[in-house]
Structures are given as structure tokens and as C-alpha cells.
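Structure record follows, encoded as C-alpha cells.
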Amino acid sequence: MTSSIGPRSIHSGTTRNLWLRALYENGLVRADREVQKLTDKLHFYRQLKNHLGEECDLFHPKTLGWREATLDLDPDNPEFLEQTRVRLQKQFPSGFIVKPTTVINTGGDGDGYWFEPDRFWSDLQDRHPVLVNALKRSESFVAPLVGECISNEELCLQASVAGLAGQRSLAAKNYDEIRIHTYEGDILPFITYSRWKVRPVKGLEKFRQCNEFVKKFLGKLPVEFLAGQAWGLDVMIVDGVLRVIDINTNRGQPGQWSGFLTRPWVIGAYTRHIETKKAVRFSGVEGWLLRAGLGNSIKYLKKIHVEGIR
């Protein structure tokens, strides 16, 4: 007589937060110090570069720290502006953008962001304090959201996807951004969305392209690096050029890795996928509701129809 051991039972409530708690308490998603360090965009890029080598920049824009890119240049030297222009032209022949290494700002506005080259060079010439102070800082930079020095950079420069596509900037709004949800090395099916509701991506072809692109990207990363990782990846498309411009993690905390996790069907897709991949079963009526894409429904409807947040 043979016996079989069924899937491990997982007890969970149906709200997003209770579902997340169940994931973390049962070791299904990582929330540790190493994941927290990935909040530093430059550190994350360096990890990817270590794994992918020269292929990395085919998937993720080349990224350098602001201090790293201007190493040995003196910001007080009258020639600093021109020296920097020459240095960055060599490092980023198709142009670059600037962003903080460790802040959460989905809109990309405020101090530390330069998406237009003319404004960057004008502000550098005017000795914008954010740019100058980041170079002249003498002490180690303790990264916000991490609490320790990781890359030791406040600002990073990334190759411009618009530039790679032959455009000077993104001012014409001729681009799309798509959010893809993953678990370990897998793309979750049917939960790929336009990142911005105000600028929805039209048609299905770009979604298909992004999913294939990210699938290839994940397939090149080591299994041990992806183990337990749940991500929300943002892919930018400009005239057929695709790059992963951001990888959203849970920042090492037992919380969400994507704002789309408020949606019942997103929770449902993750639940079904994790049950299959990890041989677990969310038990009871709660498990049925989660699998059916009905988890967090009341809170989601309240958010949409009462609070007006979409």
C-alpha cells in the first residue's frame, strides 16, 4: 500500500494584507536584508551585471553612479562642465537620464530627477545643489529605505531608452510603459498592464513583446538569485526598443511589491501560480475566494468607488 503526501495547507484571510502575511509567514516570498539592498537601483544593476555580463545592457539600461561617472573630476574646476560633458558623452553616447538611487516616486518628479538633457546641463552649469552636493559629500551615503551604505551613491545615470531608439528625449510622449508581474523566474499570465491609466497601451502586440522580452531576461538569471523573489517590472518601449527601466521589489519588507496587488484578479493569479509551483494549497472558503480572483474585493471596490483611487 502506497501513500502520498498532499500539498501543504496554507491558512489565509482574503484581504490583500492577510494574504501577504500568509505568503511571508510560510516562506513563499523573500523579505530579507539582501532583498532590501536591491532597493538601491545602482546596487541592483550591479547585481544584474554580475550575472549577465555585457548582455545586461540589452535588457536594462546601462547605469552608473553620478560620483562614479565623474570620478577624478573636480566640481570646483572651471572646466568641470565641459569635462563632464566629454566624459558622459563617452559613457552614454545615446544620452542618459538621472534619478535618485533609493527613493520611491512613481511619478519621477521633484529633486533628483532629470529626464531632459537640456535641463540637466543647464542645472549643472547653474550648480544645482542636488548635483553638486552629491559629488562633494565627504561621508558615506546611507541609503534611504535601507539604513546603510550600499552603492554609496545618491544619484545614478541611466542610458536613455529614447536615445537608444534615436529620439532626443521623451518630451514627445512617444513611448509606452508596461507593468509585468513575476514570481521567481516566471511571468504571471493575464496580469500585465499599462503602467499609467492616463496613457493606456493600445492593442495586444506590445504586451506580447514585453512578456517575451522579460521571459528571456529572467531566463538568463540564476535560479538561486530569483528564488523567492516577487517583482513588478516596468518595461519601456520606444519605437520598438525595449528595456526594463525599473524592478519593484518588496524592499525587504513583508508588504506589496506592486500597487496592482490591490486587484482581486492579480491576487488570484499569484495564488494559483504559487499553489502549483510550491505544492501548497490555500485552505477553506478563503482559499477558494483567493483562487477565484475574489480576494480583497470589498477593499478594492471601496478604493475605486468610494475613495476614487484608480
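The values are calculated or read from the model by the stated rules, or taken from the named source; none is laboratory data. Computed from a predicted structure; not experimentally measured. Heads up, the Cβs are rebuilt from the backbone with ideal geometry, glycines too, and the neighbour counts pull from every protein chain shown.
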Failed item in (1) surrounded by 15 or more Cβ atoms within 10 Å (Cβ to Cβ); (2) closer than 28 Å to R21 by Cα; (3) among the basic types (K, R); (4) in contact (Cβ under 8 Å) with a residue 40 or more places away in the chain, with K277 passing the rest | (1)
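Here's the yes/no breakdown for (1) among the hydrophobic types (A, V, I, L, M, F, W, C); (2) closer than 16 Å to V130 by Cα; (3) modelled with pLDDT under 95; (4) surrounded by fewer than 18 Cβ atoms within 10 Å (Cβ to Cβ):
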position: T63; (1), (2), (3), (4): no, no, no, no
position: R67; (1), (2), (3), (4): no, yes, no, no
position: T70; (1), (2), (3), (4): no, yes, no, no
position: D76; (1), (2), (3), (4): no, yes, no, yes
position: E79; (1), (2), (3), (4): no, no, no, yes
position: L88; (1), (2), (3), (4): yes, no, no, no
position: Q91; (1), (2), (3), (4): no, no, no, yes
position: V98; (1), (2), (3), (4): yes, yes, no, no
P254 versus (1) touching a residue at least 40 places away in the same chain (Cβ under 8 Å); (2) buried (at least 17 other Cβ atoms within 10 Å of the Cβ): which is the lone unmet condition?
-> (2)
Name every residue in region 18-53 that is closer than 30 Å to F282 by Cα and without any contact (Cβ under 8 Å) to a residue 12 or more places away in the chain, in order of residue number.
-> L18, E25
Residues in region 210-232 that are of a type in the set (A, V, I, L, M) and in contact with a helix residue (DSSP H, G or I) (Cβ under 9 Å, 6 or more places away or on another chain): how many?
-> 4
Would you check which residues across region 156-175 are in contact with a strand residue (DSSP E or B) (Cβ under 9 Å, 6 or more places away or on another chain) and over 16 Å from P61 (Cβ atoms) and list them?
-> N174
Can we say G232 is under 21 Å from S9 (Cβ atoms) and either crowded, with 17+ Cβ neighbours inside 10 Å or touching a residue at least 40 places away in the same chain (Cβ under 8 Å) (or both)?
-> no
Any chance you could count how many residues in region 182-196 are at negative phi and in a loop (DSSP other than H, G, I, E, B)?
-> 7
Go over the candidates R179, R168, R199 one by one and state the one that is outside any loop (DSSP other than H, G, I, E, B) and either basic (K, R) or over 21 Å from the mean Cα position of the chain (by Cα) (or both).
-> R179
Kindly provide the set of residues from region 108-135 that are under 26 Å from the mean Cα position of the chain (by Cα) and not in a helix (DSSP H, G or I), ordered by number.
-> G108, D109, G110, D111, G112, Y113, W114, F115, E116
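Residues are listed down the side, and each one gets a yes or a no for (1) among the hydrophobic types (A, V, I, L, M, F, W, C); (2) modelled with pLDDT of 95 or more; (3) surrounded by fewer than 17 Cβ atoms within 10 Å (Cβ to Cβ):
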{"position": "L145", "(1), (2), (3)": "yes, no, yes"}
{"position": "C149", "(1), (2), (3)": "yes, no, yes"}
{"position": "E153", "(1), (2), (3)": "no, yes, no"}
{"position": "G203", "(1), (2), (3)": "no, no, yes"}
Taking only pairs six or more apart or across chains, which ones have beta-carbon atoms under 6 Å, a first residue in region 147-163 that is within 18 Å of E68 (Cα to Cα), and a second residue that is of a type in the set (D, E)?
-> I150/D40; S151/D40
State all residues of region 164-201 that are surrounded by 12 or more Cβ atoms within 10 Å (Cβ to Cβ), of a type in the set (K, R), under 14 Å from F260 (Cβ atoms) and in contact (Cβ under 8 Å) with a residue 60 or more places away in the chain; if no residue qualifies, say none.
-> R179
Can you find a residue in region 45-63 that is β-branched (V, I, T), within 22 Å of the chain's Cα centre (by Cα) and closer than 12 Å to C156 by Cβ?
-> yes
